[in-house]
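Structure record follows, encoded as structure tokens.
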Amino acid sequence: MRAIPMRQNALGLLLPGGLLIGLAVVIAAQTIPLTVPVSAGASLAPETVIVPAHAFSYRAPGDFQRGKTAIDGPLISVAAGEPLEIMTYQVSAADYARCVADDACDKADPRRHGTGNVPVTGVSFDDAGQYAAWLSAETGEAWRLPTVAEWAFAAGSKAVDPALGTETDADNPADRWLALYDLDSARAAASLATPQPLGSSGVNEFGVADLAGAVWEWTATCGGRTTLDAAGQTVSHLDSCGVRYVEGGHRAAMSHFIRDAQGGGCSAGAPPDNLGFRLVREPGWIERVMSAFGRIFARGA
């Protein structure tokens, strides 16, 4: 029988052996606490919740029309959204002020000044992006605005369907605008316009706070216009990223530089009372690897 050279045999064992060691390290990381040096930016890390995977639906963002008739966007159903880590509360005025003090953010310009530990308001989409970049640099973690879909996923039962629910006169675009204004105004009638301290509006079923308060939240989703055919298939679509969507008491499209929705910049419907934001945290590579192994083990169980 021909002998197998020692080098070839060793190389053949190296790769599977390395994989086994790597797997052991990942499994051990789930059970053995690690001591990690705390950086100065660790104190800036906000309180978050991890929204578990669950089925949800949301209204497609954007302006939709069939022929010349403006219609509601389609309802999108997701069988099992991925877990999402999101701030429990909106970014506070105090935390935003730290970014301003570091000359990394422009000063907020709120229309209304609440008392106590209130969320920052009077901030634009651009301001939110500056804060996310600053927080990411300070903490060594990746922070960003959520998309409309992610916001709806995290909002759960607190998400508001922006659908008008009826078709309006195709020859009179103002007809739909007025109908949306009346609908949004009715939804906002019971809310307080002045920002309240964090936590004042309670939490949803996932532990996310203040989704139905006086502060609307910027998302990363661009504005857009979509034309559908009679069968509901897309004929044309145009993104307009100079406009972004805000979510809260109702959905609204706002120009990216607007800080005060009631001073202009809202494309349709009643303007939001105040503009603020919260961020989501992107998992690091170790977390992604562990999550992948978790899904593999769950399927094998």
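The values are calculated or read from the model by the stated rules, or taken from the named source; none is laboratory data. Because the structure is a prediction, the values reported are computed rather than measured. Every residue, glycine among them, receives a Cβ derived from its backbone with ideal geometry; neighbour counts consider all protein chains shown.
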Some residue of region 91-111 being modelled with pLDDT under 95 and part of a loop (DSSP other than H, G, I, E, B): yes
Residue check: is Arg278 on the phi < 0 side of the Ramachandran plot, in a strand (DSSP E or B), under 18 Å from the mean Cα position of the chain (by Cα) and not small (Gly, Ala, Ser)? no
Any hit, region 66-81, residues being surrounded by fewer than 15 Cβ atoms within 10 Å (Cβ to Cβ), within 27 Å of Ser200 (Cβ to Cβ) and over 22 Å from the mean Cα position of the chain (by Cα): no
Kindly provide the set of residues from region 115-151 that are among the charged types (D, E, K, R) and part of a helix (DSSP H, G or I), ordered by number. Asp126, Asp127, Glu138, Glu150
Test Ala179 against the criterion of being modelled with pLDDT under 90 and outside any loop (DSSP other than H, G, I, E, B), and give yes or no. yes
Suppose we filter region 112-143 for residues that are more than 14 Å from Ala97 (Cβ to Cβ), among the aliphatic types (A, V, I, L, M) and more than 17 Å from the chain's Cα centre (by Cα); how many remain? 1
Identify all residues within region 201-211 that are surrounded by fewer than 19 Cβ atoms within 10 Å (Cβ to Cβ) and small (Gly, Ala, Ser); write none if there are none. Ser201, Gly202, Gly207
Step by step: first the residues of region 224-235, then only those that are surrounded by 10 or more Cβ atoms within 10 Å (Cβ to Cβ) and polar (S, T, N, Q), then the one that is modelled with the lowest pLDDT. Which residue is that? Thr234
